[in-house]
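These notes are about the structure you will find just below.
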Amino acid sequence: MEKLLRTIGDVERYLGSMKFAVLIIFGFMVMNIYGTFMESYHGTEYANRLVYKSWWFMGTQFLMFLSITIATTLRLPFKKTLYGFYVIHLGLIMTFIGSYVTYMSGIDGSLELVPGTPSNTVVINQDQFKVKNMSTGKAIYLNLPMNAGPVDMNRKVGAVKLLKFLPSSTTQDQWRVGVPSDTTGKYLLYNDNVSQEFMMSMSPKSDYKSSLKMGLLTIHYMPEILFNCFKTQSKSGYLIWNLNTSECFSIESKNIPVDKTDAGNPALTFTHEGKDHHFFPDFSPLPINKDFTKNANSPFRIFSRKLFEDKPNLFIFGKTLAYFKKRGKKWIGKEFEMGKDIKLPWMNFKLKFVDFRKGQYPVKVPTYVIPTQENGKVVEGEAKAALVSAGGQEFWITSEKPLTLQKGNEKISMALGKKLLKLPYQISLNRFKMDKDPGTNNPASYESFVQLLDGRKEGKASEHHVYMNNPLQYDGMTFYQASYFPFGQEDFGSIFSVNFDPGRPLKYLGAILLVLGSIWHYVIRRKNKGSFFQSLKSSGT
Amino acid sequence: MKLILLLLTLSTSLYANNICTSNLEALAVQTGGRTKPYYVMANENIKFIVGKSKYNKMDARELFCRLSFDYLEPSNIDLPIKVEHIDTKKLLGLDAGATSIPASAAMDKLPQLRSEYQKQKFSSSYKKDLEKVIMRIQNLDQIKLGAVWKVPKFRDSQIVWHALKDIFTVKDQLSNATEELTQMDKKYIETENDDHLLELRYFKSHLFGYSLAFLLTAIFLLVIFKKTLYGLISIGIAVAIQLVAITMRVLISGRAPITNMYETVMFSGLGALIIGLIIYAVRKDKKFVLAGSAYNILCLMMMIFANNMISAAITPLVPVLRDNFWLSTHVTCIILSYAGLALSWILANMALFDLRFRGATEIKYYQDLIYTAIKAGVVLLAAGIILGGVWADYSWGRYWGWDPKETWSLIVLLFYMGVLHGKNTPWINNKRFIVLSAAGFMTVMMAWFGVNYILASGLHSYGFSEGGAIFLFSFFAIQIAYIFITAFDTKMFKKS
C-alpha cells in the first residue's frame, strides 16, 4: 500500500514536473505541425479525422491538462511570488474544461435558407448511416466514427447490416460477367484545347450510360449490328431492327411505304412472317398494338435518323461510328483502324479508340483513397462510401448515391448523410442583399433579412437582420451569416452557421485570466529578477 | 517609303500624343473595386504586364494612356509580356535567358497557352506561370480596348463610372479629351472627395525609401562612428517618416494598416523599432536600438525591393475582415508580437556572432537581452491568439477551428512556451536558449508567410505566390546554416 502511494506520488511529481511540461509542449507542437501539413495536402476533414479529432491528439491535450493541474497543485499553498503563475494556469485549466464542455454538449452546424421557404433543419457535421423503411416510415440512424481510414463496422442497423465505412473514397471500375449484348466501349475525345476520356455501355446493369452529352455534342452508344444500317443512305431515314436476330434494314430496302395519319404524323406497317407491326416513329420506337398501347414484347424497334440530323450527334457502335454530315447531307460511317484516330466534323475534334468489351459490363465500386486537396479545394476522395449487406447480398452506397431495395413487401432506403437537427422554430429568408466592390464582382458584404416564427409562443413572427459580425441570437442558439449560394436566375440563398456553446463562459473567463496572468507573471512581477520591469531596472545602469 | 510610314504612324496617334503627354496622373479612376489616382492604376497595370514600369523610354503613365486609346488610334506599342517559368519560355519558343515575349507574338500564342494550361492536371509553378501570362495578355487586351480605364461621369447628379470606350466612341472626340477628362475629375472632387490625391502623394513621395536611408545612416553613426546622439536623431527621423507614411495609408484605405502581407511587414518593422526604443529608454542598452533598426531595415527592403512577392497595392477587403475594431486589436497584437519576437531573433543572431567571432563571453548577459524581448513577444502573442479566438467566436461562432493560420500561431506560442519552460530544466542552458531563440523565428516566419506561401489554404488566405515559397526556403536555409557556423564549436552541447 505504501509502495503504491509512493508510486502514485512519483507519477504525480513527474506529471507536474517542468521536464514533463517541456516534453508535452514540444510533443503537442510537433503534432500540430503535422496536422497543418496534412490539412494542406488532404483537406480539412481528413486533417480532422487523422489528427485533430484523433484519440492521441485528444489524449495529448488531456495530458497537458493533467500537467498544468498537477503543476499548480504541487505549488500550493499560495506563495506570493507565484501569483502570476497561479492565474495563468488557472486560466488554462478553465479553458480546457470549457473546451471539453463544448466538445461534449455543444452544437455546431449550418442552416441553409432558400428564399421564401421556411426551414428548421440544421445540418450537423456528424456522418450518419440512415436506414428507412419506406412502408412504415420508420428510420434508424447510426453515427459513424471519426476515423481517417476505412472502418470495419459489422453493425446491424434495422433490417440491414453495415459492413464497412470508407470516410473518403473514389470509384474504381470493376468488370462483371454479362450477356452477349452487354457491350462497352472506352474512347478519348480531344482537340487542341480539351480532351476527355469517356466510357459507354449498352448494359442496363452498368453504372455507365448509353448516351452522353458533351457541350453541344450528344453521343449515343448503339448495338454493333446497327452500323451497317446507319452508314447507308435512305430517303426516309427510318431504320428497323430485330433484337432477336440482330438484323437491321432501312424501310426502303423492304419497300415499306410511309403513310400519314389524320393528324399528319408518319405511320408505317411492316409485315414479318405474316404478322403486321404498326409503327408511329415520331411517337415511339416500339410497335403499337391495335388498342394503341405499346408492344414492349415485340423484338422489333424503329429508329428515325432524321431526328438526329439538325444538331451534332455521334453514334458509336463499338469499333465503328456514324454521324450525319451537314455539308453533302449524308450519313457517314467510319471504322477504327489500328492506331488511327477518327476526325470528327465538329471543332477539330478527333476520337481515339481505347477499349471495347463484349459479354461484360463495368460497375463503379468505391475504394478507399486519401483525399487530395489543391488550391484549397478537395479534388479527389470527397465521397464517403459504405458496404451494406441485405438479404444475403452486398451493396455499395455512397454519399452521392443512396440505394433503395425491395425486400419482400418492404421497401428499404439507405443513405449516407449528415446528422440533422430540427429546431422547434422556423426561419425563413425574406431577402438577401449583396453589395459588391464598385466596378467588380467581388462581394463586399452580404446580409440576410429573415423572419423567425416560434410555434411554441403565441404572437407574431419576429424580423431579424443578420450580417457579417452581427449574428442572430435566439433560444440559446446563435446564427451567423456564413455564406450564400446562387438561387434561380438572379436571387441568392443564404447559409447560416448555427452554434450552441455551453462552454463559452468558462473559456472566456479562462482567456481573461490567461492574459492577466501572463502580464502579471512576465511584466509586473516583483521580487524576481526574471520579470520584465525588474530586469529593465536591474541592468539599467 | 520608310518616311511615309513614319509620318503615317505619327499622324495616326496625333490625338493620343497630345493627351498622353499632358499631366493625367492625378485623375480619379476606378479600378479593382476602389477609386484611385490614374498614376497608381497605370503603374500597377504596366508593372503587372511588363514586370517594370518603363518601356521604350516611356513611363507607365504614358504607356498606359497610349494603349488605352489604342481602340481609336493604333498605339504601335508592342509591349513586352513578362514570362518567368522556363517551361513557359520553351512553349513560347523563347530562349532560356529571355524574360519577356512581345505582345503581338504572345497574342498569336494565346490559344496554345490556354490549351497547355487546360492540359495541366495538377497545380504546379508552371501552371501558375501559364495562368499569369494568360492574365497579362488578357489585361493588355482589355486596356487596348479602352475597357480598363474608368472615369467618373455624372448622370442625374450621380456618379456612374464609365469605361473610356463608352465616353469616346469616335476619333474626333479625342480633340478635346484632355479637357473633358480634367473636367470630369474636377466635378468628381467637388461632389465626392479628393482622397485619391492623397494616395497620389503617398505613392509618389517614396517615404519608405527616405526612411530606409535615414536608418542606414543611423547604423553607420552608431556602429562605425559611435555617435549615439546623432544616430538616435537619425532613427527618430526615420520613425517619424514611417509614422507619416502609415498614417497616410490609414487615411487612404480607411482601416488599420494590417490587412495584407505588405502592411504586416510594414507594421512589424516599425513596431520592432519602437519596442526596441522603449526598452532602450529603460535599460540604456544600445543593442535593442540596433536590433530594432536592423529588423526595420530588413522590412523596408522587403517592401521596396520584393514587390512581386508582397504587393503594395491598396485593395478592398474580403467581407469577413471588414470589422475595424477586431481587425485592429487582434491583428495588431499578433503583428506586434511578431515584432517582439523578431527583436529577440536579431538579438540572438547578434549574440551568436559576437560569441563566435568577437570573443564575447557574457552568455548570461545576451540571454537576458533576448529573454526580455521574448517575454514581450509571448505576452502579446497569447493575447493576440485569444483575441482572434474571440473574434472568430463572435463572427462565425467558432472559438477555435484548427485553421492553419490559427494552428501555426499556436505552434509559435507552444515553441516559445516550451523554451521558456525548458529554461528551468537542465536541458536548455543559456547558450542553447540563444540558439533556440535564433531558430525559433522560423516558426514565426512559417505562421506569417509559410501558411500563405506554402500551405496556402484555409480561411486566412492573403494569396499565394511562387516567389514567396522560394523566399521562405532561402530564409530557413540561411538561418540554419548560420546557426551551424556560429554555434557548433562553442561548446553549446555542454551543460553550463
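The values are calculated or read from the model by the stated rules, or taken from the named source; none is laboratory data. Small disclaimer: the values here were computed from a predicted structure and weren't measured. Using ideal geometry, Cβ is built from the backbone for each residue, glycine included, and neighbour counts are taken over all protein chains shown. Surface areas here come from the heavy atoms of the whole protein model, side chains and all, with no ligands, DNA or RNA. Shrake-Rupley method; radii C 1.70, N 1.55, O 1.52, S 1.80 Å.
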- Report yes if B:VAL250 is under 29 Å from B:TRP396 (Cα atoms) and open to solvent by 30 Å² or more (accessible area, probe 1.4 Å), otherwise no. yes
- Note on the structure: Residues in the stretch A:388-400 that are open to solvent by 50 Å² or more (accessible area, probe 1.4 Å), in a strand (DSSP E or B) and more than 13 Å from A:VAL365 (Cα to Cα) total 1
- Look through A:SER169, A:SER210 and report the one residue that is open to solvent by less than 30 Å² (accessible area, probe 1.4 Å) and not hydrophobic (A, V, I, L, M, F, W, C). A:SER169
- Would you be able to tell me the number of residues in the stretch B:357-403 that are under 25 Å from A:ILE107 (Cβ atoms) and assigned to a helix (DSSP H, G or I)? 12
- Message: I need the full set of residues from the stretch B:104-125 which are at pLDDT below 85, open to solvent by less than 80 Å² (accessible area, probe 1.4 Å) and assigned to a loop (DSSP other than H, G, I, E, B), in order please.
- Response: B:GLN120, B:SER123, B:SER124
- Task: Kindly list the number of the only condition in (1) in contact (Cβ under 8 Å) with a residue 24 or more places away in the chain; (2) surrounded by fewer than 14 Cβ atoms within 10 Å (Cβ to Cβ); (3) part of a strand (DSSP E or B) that fails for A:ASN244.
- Result: (3)
- Hey, B:PRO426 hits all of (1) touching a residue at least 40 places away in the same chain (Cβ under 8 Å); (2) assigned to a helix (DSSP H, G or I) but one; which does it fall short on? (2)
- Message: Out of B:ASP156, B:ASP129, I need the residue that is open to solvent by less than 70 Å² (accessible area, probe 1.4 Å) and of a type in the set (Asp, Glu). Which one?
- Response: B:ASP129
- So which residues in the stretch A:419-463 are out of contact with any strand residue (DSSP E or B) (no Cβ under 8 Å at 6 or more places or on another chain) and away from every other protein chain (no Cβ under 14 Å), if there are any at all? A:LYS457, A:GLU458, A:GLY459, A:LYS460
- Filter the stretch A:178-198 for residues that are open to solvent by 20 Å² or more (accessible area, probe 1.4 Å) and either touching a Lys or Arg at 6+ places or on another chain (Cβ under 7 Å) or in contact (Cβ under 8 Å) with a residue 60 or more places away in the chain (or both) and give the result. A:GLY178, A:VAL179, A:PRO180, A:LYS186, A:LEU188, A:TYR190, A:ASN191, A:ASP192, A:ASN193, A:GLU197
- Determine the pairs where a residue that is within 14 Å of chain B (Cβ to nearest Cβ), located within the stretch A:356-377, has a partner that is surrounded by 15 or more Cβ atoms within 10 Å (Cβ to Cβ) and in a strand (DSSP E or B) with Cβ atoms under 8 Å apart, the partner being 6 or more residues away or on another chain. A:PRO371/A:SER168; A:PRO371/A:VAL378; A:PRO371/A:GLU380; A:THR372/A:VAL378; A:THR372/A:GLU380
- Only one of (1) surrounded by fewer than 17 Cβ atoms within 10 Å (Cβ to Cβ); (2) closer than 28 Å to A:TYR46 by Cβ; (3) small (Gly, Ala, Ser) fails for A:ALA385. Which number is that? (1)
- Message: Please go through the stretch A:440-453 and give me each residue that is open to solvent by 50 Å² or more (accessible area, probe 1.4 Å) and within 23 Å of B:THR31 (Cα to Cα), ordered by number.
- Response: A:ASN441, A:ASN442
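Any chance you could count how many residues in the stretch A:362-377 are open to solvent by 50 Å² or more (accessible area, probe 1.4 Å) and not hydroxyl-bearing (Ser, Thr, Tyr)?
Here the count works out to 4.
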- Query: Can you name the residue in the stretch B:395-417 that is within 7 Å of chain A (Cβ to nearest Cβ) and of a type in the set (Ser, Thr, Tyr) and, of all such residues, is surrounded by the most Cβ atoms within 10 Å (Cβ to Cβ)?
  - Reply: B:TYR399
- Out of B:ILE86, B:ILE137, B:ILE101, sole residue that is loosely packed, with under 15 Cβ neighbours inside 10 Å and either of a type outside the set (Lys, Arg) or within 14 Å of chain A (Cβ to nearest Cβ) (or both): B:ILE86
- Message: Tell me which helices (runs of 4 or more DSSP H) are completely within the stretch B:143-259 and hold 3 or more residues being of a type outside the set (D, E, K, R) and out of contact with any Pro (no Cβ under 6 Å at 6 or more places or on another chain), or say none if there are none.
- Response: B:177-191, B:195-205, B:207-219, B:228-253
- Note on the structure: the stretch A:454-498: strands (runs of 3 or more DSSP E) wholly inside it with 2 or more residues that are aliphatic (A, V, I, L, M) are A:477-487
- Task: Check B:THR361 against each of (1) among the β-branched types (Val, Ile, Thr); (2) away from chain A (no Cβ under 14 Å); (3) under 20 Å from B:VAL412 (Cβ atoms) and name the one condition it does not meet.
- Result: (3)
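A:LYS231: open to solvent by 80 Å² or more (accessible area, probe 1.4 Å) and in contact with a Phe, Trp or Tyr (Cβ under 8 Å, 6 or more places away or on another chain), yes or no?
yes
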- Query: Is the stretch A:315-331 home to any residue that is closer than 30 Å to A:GLN233 by Cα, open to solvent by 60 Å² or more (accessible area, probe 1.4 Å), among the basic types (Lys, Arg) and part of a strand (DSSP E or B)?
  - Reply: yes
- Note on B:VAL282: of the conditions (1) within 14 Å of another protein chain (Cβ to nearest Cβ); (2) of a type outside the set (Gly, Ala, Ser); (3) open to solvent by 30 Å² or more (accessible area, probe 1.4 Å); (4) in contact (Cβ under 8 Å) with a residue 40 or more places away in the chain, unmet is (4)
- Query: What are the residues in the stretch A:29-85 that are within 11 Å of chain B (Cβ to nearest Cβ) and part of a loop (DSSP other than H, G, I, E, B), if any?
  - Reply: A:GLY43, A:LYS53
- Which is under 25 Å from B:SER395 (Cα atoms) and modelled with pLDDT under 95, of B:GLY467, B:GLY458? B:GLY458
- Just one listed residue, out of A:LEU243, A:LEU188, is within 14 Å of chain B (Cβ to nearest Cβ), out of contact with any helix residue (DSSP H, G or I) (no Cβ under 9 Å at 6 or more places or on another chain) and among the aliphatic types (A, V, I, L, M), and it is A:LEU188
